Amino acid sequence: MTLLPRLGVCFSGLLFLPLRFSAAPTEPGLQHSRIAFASKLAGDWEIFLVDPDDLQPVRLTTRPTQDRFPVWSPDGRHLVFGSLGADRWELWVMESDGTHQIRLAPEIIAKSPRSWSPDGRRIAFAAGRRGSGDICVVGIDGAGLTRLTGDSTDDLNPTWSPDGRHIAFTSVRDGNADIWVLDLITHTQVRLTDHPATDDDPAWSPDGQLLAFTSTRSGNRDIYLMRSDGRGLRRLTAGSAVDGQPTWSPDGRQLAVLAVRGDNYDVDVIDVLSGERRQVAASSAYDGEFAWSPDGKRLAFISSRDGSDAVYVTTLSGALVTRLTTAPSLDPGWSP
């Protein structure tokens, strides 16, 4: 256990502003919501919203630069995203209609994973500073930028616990990648995994009781589960696929994963209790970059199956697969 440094720096923010495709088939009982994504629909990379059931994209960003990587706040009122500045990706936030765009900090590599606090007031991210990555948090108004880790090696992939008290992350401070958790109340950091292999990609279950993560300790990259205190380690996958990016379903019963088989990328869904898995988005082309619908009945994902990267939506049965975008598109995220 190590003491958490209390280093903080504040930066001032900036202020900014906000196009309009026919209806897709749906299955009964599917929940209505929106998908944010980045697309070249207007020429360069901009952020759009689309309702997957009416296919009418709405453009949110308009600056002559690349805007990508949108992530929804827990209440669906804001989107944090990356915007390419003069020489780096910067962290921005806006309301979900594209208004009140604020730059949160000018020295942040915003392509890295970001995680909202459960109350939607702060954002955790990995910032490249002093030659290494540190875990930082910042308020949605750009105030209170605070560095939470300060070792000389990389701390990456922060993810906020559902109760708002902890942030799990990956650190290579002991020579290889392990899963750590920091307590925002006691200001301590605890190492949860201790293995010479690579442990990465921590993801909290919706109830905060479990952490899913990837590990190469078997010789392959597989998905493992452990309790939030690091105990009760369980290997969930043991097939030939190289698995990554575990993402919990809203009810905590399933995990969607990126499954690599040879040169092919697919999206699989795994039952957490039984370990049963099925391919949900699979083709001879790339399928990946996925996000759960809030009701857990569909997945948005990126596929190049029709020649270029586009946003698709599929039901978990695979019975209905709908292409949502016609221009090159990436980074789909489903609203809460």
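In the range 127-150, the residues that are assigned to a strand (DSSP E or B) and at pLDDT below 90 form Cβ pairs under 6 Å with partners that are surrounded by fewer than 19 Cβ atoms within 10 Å (Cβ to Cβ) and β-branched (V, I, T), at six or more places apart or across chains, as follows: G128/I109; S132/T153. Exactly one residue out of R298, R234 is within 28 Å of W45 (Cβ to Cβ), at pLDDT 95 or above and of a type in the set (D, E, K, R), and it is R298. Evaluate the range 288-300: report whether one residue or more is under 15 Å from V257 (Cβ atoms), touching a Leu at 6+ places or on another chain (Cβ under 9 Å) and among the basic types (K, R). Scanning the range 288-300, I find no residue that is under 15 Å from V257 (Cβ atoms), touching a Leu at 6+ places or on another chain (Cβ under 9 Å) and among the basic types (K, R), so the answer is no. Listed by first and then second residue, the pairs with beta-carbon distance under 8 Å, at least 6 apart or on different chains, first residue in the range 153-170 and farther than 19 Å from L225 by Cβ and part of a strand (DSSP E or B), second at pLDDT below 95 and among the polar types (S, T, N, Q), are D155/S132; D155/T149; L156/S112.
Between A282, A238, A291, the distinction of being over 19 Å from D178 (Cα atoms) and either buried (at least 22 other Cβ atoms within 10 Å of the Cβ) or in contact with a helix residue (DSSP H, G or I) (Cβ under 9 Å, 6 or more places away or on another chain) (or both) belongs to A291 only.
Of the strands (runs of 3 or more DSSP E) lying entirely inside the range 198-263, those containing at least 1 residues that are within 17 Å of R278 (Cα to Cα) are 222-227, 242-248, 254-261. The residues on offer are L236, L225, L184, and the sole one that is aliphatic (A, V, I, L, M) and farther than 20 Å from V267 by Cα is L184. Selection over the range 185-230 of residues that are under 18 Å from D154 (Cα atoms) and among the β-branched types (V, I, T) gives a count of 5.
The values are calculated or read from the model by the stated rules, or taken from the named source; none is laboratory data. Keep in mind that what you see is a predicted model, and the values were worked out from it rather than measured. A quick note on method: Cβ atoms are made from the backbone with ideal geometry, for glycine too, and the neighbour counts reach across all protein chains shown.
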